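Step one of this worksheet: look at the structure below.
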Amino acid sequence: MEEDSNRLANPETPHSLEAETYEEEEGRDLESNSLRQPLLKRNRTLSSTPLALVGAKVSHIESLDYEINENDIFKHDWRRRSKVQVLQYIFLKWSLAFLVGLLTGLIATLINLAIENIAGYKLLAIVGFIEEGRYISGLIFFTGINFFLTLIAAVLCVCFAPTAAGPGIPEIKAYLNGVDTPNMFGATTLLVKIVGSIGAVSAGLDLGKEGPLVHIGSCIASLLAQGGPDNYRIKWRWLRYFNNDRDRRDIITCGSSSGVCAAFRAPVGGVLFALEEVATWWRSALLWRTFFSTAVVVVVLRAFIEICNSGKCGLFGTGGLIMFDVSDVKVSYQAMDVIPIIIIGIIGGLLGSLYNHALHKVLRVYNLINHKGKMHKLLLALGVSIFTSVCQYCLPFLAQCRACDPSFPETCPTNDRSGNFKQFNCPDGYYNDLATLLLTTNDDAVRNIFSTNTTNEFHVTSILIFFALYCILGLITFGIAVPSGLFLPIILMGSGYGRLLSMAMGSYTNLDEGLFAVLGAASLMAGSMRMTVSLCVIFLELTNNLLLLPITMIVLLIAKTVGDCFNPSIYEIILELKGLPFLDANPEPWMRNLTVGELADVKPPVVTLCGVEKVSRIVDVLRNTTHNAFPIVDQGVLVPGMVATGATELHGLILRAHLVQALKKKWFLPEKRRTEEWEVREKFNWVELAERELKIEQVAVTRDEMEMYVDLHPLTNTTPFTVVESMSVAKALVLFRQVGLRHLLIVPKYQGAGVSLLTINTSLLFHAYSSIFVHLTHKVASAGGSCSWDLDQARLAGLQHFECLSSSRKTQAFVREK
């Protein structure tokens, strides 16, 4: 979080000026706009709010410190560490990775057991109503149970842990990119995520437990790394080694990969998912630990499946490690099969980008509804639940009963909670193919539609109804106030259109209809989520058929390429809607024509401190700014080997938390002098300097202490990343992302100029300018107006507030620094 430093000199802050201007514009008649009045109004003052505000999106966020702070205390501690201590630290890292995998596997097993048993007994009760001919009673019971389960999940998310709603993957992706969201990995969020996922999935909503499991794994990793919840932390000395953003980032990466592994039983796919989708920073040691965590998850799941196969888990299925096994089908390719594979990839990319576009519009509407209060959130979730239950129960009555074929490998018909041939309302010897897909759990629905050697099992009308229904449910379900995942809804939609395409192809292809369903699901996921390598491995581990590798790779590459031509991935869209800043891997083209020096010129002068600073000055700076770090600059320094005196030295960068620690410790000097090394070691240690929770408001300083001094040299990071002011913004952005920086010092190209400080927030701020102007230009043009603005001049002017006026309405956008 950064804030303008000119508040120290000017008591009238930009907030008050902006508020007055905004009120004047609100009171002005938009229809009386003069032709000479510019359509675009600009405020050249950069914002200083701690909120990242873009339009109506508000998110309390703060950057993370992934850089190692190499001050004198850190260097002394690193030198005095023995080999035993280093080995203990490494052992503790692997121990935490083991615990993350173990706990994630146990909780995933608990969630699966609860969902299978709750949904199983619910479906068995429905079968009883159907057999007795009490259709209306069955509908009321089915809708009522789902309503109650949804109510539990929604109340927990709305009233106790709002951050538990949704998948959680976009927030994890933003965290690993360097942006923290409060309460995202807390104990309350973890508990609500577990219970809410059980309730929402058991209620039959069109969502999966995969995204929530990724969030659950990350919550477990975060709590282990910090020693428990905030109010009940374990203060064990060795555990406090991980009380820093850098190590916490690594362990959360292990948690996210363990969550994917627990959801799909795909250990290698979980590691690749973390590498390809969520992690911004990667190294070989982290790869080994994430693989170790996923291996532990697989062992735990395998152990519990062996126990459940003996009938000790109630209605839990006997699926094993492979969820949707298609290994029994013989896969053979011919030259003509390339054409349908290419068609599947193209359609998957088109449908995936169309789904992203439609979901974006739906989520914007949901955003307006959710802002009206908690009751509106609950009513929206419960309304979706009622609609889903009615459709799942009533639509099978539209399907015609189909006669059982003696060649079917399974029992036909069946009235069990699962199975490929559900009798539902049909007479003996017949089954209802649409009830097989709708009146079951989402996992069983995917397993049924993926089933091979079932060419004549489903009628084209039933598949068409199934596909249309889940397209609608996939749009209206995601975004309600319950824990939800996107993987399974997209798999259901994709498998539906895959089956339809196979039926349309008929005898023109030799591929099995079940394989078409698998390829359709893979192509739609690639077209929406834009993943390739991790998705390919996940589907191979799901289906247990290595022969699918070549055609799956082709489908994924084509679908992703087609989808990229239209819009970003679904997670990037959600990040934008949530207002979470994100540093992309590829800088914008205009950034190569802009230097960091020009970028720093539009910001207020940086707040610097002296190496030996007065206490009153430190308190004043901490109370009137929210900068996270301050350059330490010494004047009149003697340069070794030179005759000239009075040089200016950039000693380094000191963190805000370390300044607060110095005030808390009362490390004051009566006179202005440098301290000795032994004085510093007596007062501070590396464990205390790792604490970041202390605020300046919690520190009391007397009037006499205000006149004393503090030697900041031992607490200063003497090796901050520093660049010349002529560096392009594009190179600076790459440096921020690849190294994981929060601050970047800009030194002048010529002697005599001052020092500037570029933060990660400035880069994110200018990212927002480009995207918002393009959005506003399109929006105003569609309303009958126009925008006329030199974008490069506005960037150089430090744009903070601008408007585009159309003939019918005013569109505003605010860009604020974190």
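The values are calculated or read from the model by the stated rules, or taken from the named source; none is laboratory data. These numbers come from a predicted model, not from an experiment. FYI the Cβ positions are ideal-geometry reconstructions off the backbone, even for glycines, and counts take in every protein chain you see. Calculation scope for accessible area: heavy atoms of the full protein, side chains included, ligands and nucleic acids excluded. Shrake-Rupley method; radii C 1.70, N 1.55, O 1.52, S 1.80 Å.
Rounded, prolate or oblate for the stretch 153-297? Axes are the square roots of the Cα gyration tensor eigenvalues, ordered a ≥ b ≥ c, and the cut-off for rounded is a/c under 1.5.
oblate
How long is the gain from K83 to T675 if the chain were fully straight, where each residue apart is worth 0.36 nm and the alpha carbon distance is subtracted? The partial results should precede the final answer.
Details: separation 592, 0.36 × 592 = 213.12 nm, distance 3.03 nm.
Length gained between K83 and T675: 210.1 nm.
So, with a 1.4 angstrom probe, what is the percent of accessible area on the stretch 581-656 that is carbon and sulfur?
Its accessible area is 52 percent carbon and sulfur atoms.
Would you please classify the overall shape of the stretch 529-616 from the alpha carbon gyration tensor, given that a ≥ b ≥ c denote the square roots of the eigenvalues, rounded means a/c under 1.5, and beyond that prolate means a/b larger than b/c while oblate covers the rest?
The shape class here is prolate.
Nothing charged except the Cβ atoms of Lys and Arg (+1) and of Asp and Glu (-1): what's the magnitude of the dipole of the stretch 451-573 about its Cα centre? Round to the nearest 20 debye. Walk me through the numbers on the way to the answer.
Working: 3 positive and 6 negative charges, 29 e Å.
I would put it at about 140 debye.
Estimate the FRET efficiency between T455 and V299 by the formula 1/(1 + (r/R0)^6), using the beta-carbon distance for r and 30 Å for R0, to the nearest 0.05.
Working: r = 38 Å, r/R0 = 1.27.
Once the sixth-power term is evaluated, E becomes 0.20.
Could you give the dipole magnitude of the stretch 561-673 about its Cα centre, charging the beta-carbon of Lys and Arg +1 and that of Asp and Glu -1, in debye to the nearest 20? Don't skip to the answer; put the middle values down first.
Details: 12 positive and 12 negative charges, 188 e Å.
Its charge dipole is roughly 900 debye.
Given a Förster distance of 51 Å, report the FRET efficiency between E688 and I339 from their Cβ-Cβ distance, rounded to the nearest 0.05.
0.15
Near A200, within a Cβ-to-Cβ distance under 13 Å, what is the net charge of the other residues, with Lys and Arg +1 and Asp and Glu -1?
Surrounding charge for A200 is 0.
Residues with beta-carbon under 14 Å from that of P162, excluding P162: net charge, scoring Lys, Arg +1 and Asp, Glu -1?
The answer is +3.
Could you rank the peptides 297-309, 106-118, 514-526, 253-265 by their average count of other C-beta atoms within 10 Å per residue, with the highest value first?
Per-residue Cβ counts within 10 Å, averaged per peptide and sorted highest first, yield 253-265, 514-526, 106-118, 297-309.
Can you bin the stretch 192-273 into rounded, prolate or oblate? Criterion: square roots of the alpha carbon gyration tensor eigenvalues sorted a ≥ b ≥ c, rounded for a/c under 1.5, prolate for a/b above b/c, oblate for the rest.
Because a/c hits 1.5 or more and a/b fails to exceed b/c, the stretch 192-273 counts as oblate.
Could you calculate the FRET efficiency of E306 with L124 from 1/(1 + (r/R0)^6), where r is the beta carbon distance between them and R0 is 25 Å, rounded to 0.05?
For E306 and L124, the calculated efficiency is 0.50.
Which order do peptides 601-609, 675-683 fall in by mean Cβ count within 10 Å, highest first?
Answer by packing, highest mean first, reads 601-609, 675-683.
Net charge within 9 Å of Y66 by Cβ-Cβ distance, Lys/Arg positive one each and Asp/Glu negative one each, not counting Y66 itself? List each step's numbers first, then the result.
Numbers: positive: R246, R249, R742; negative: D65, E67, D245.
Around Y66, the surrounding residues sum to 0.
Ordered by packing density, taken as the mean number of other Cβ atoms within 10 Å over each peptide's residues, highest first, how do 457-468, 84-95, 147-158 rank?
Those peptides, ordered most packed to least, come out 147-158, 457-468, 84-95.
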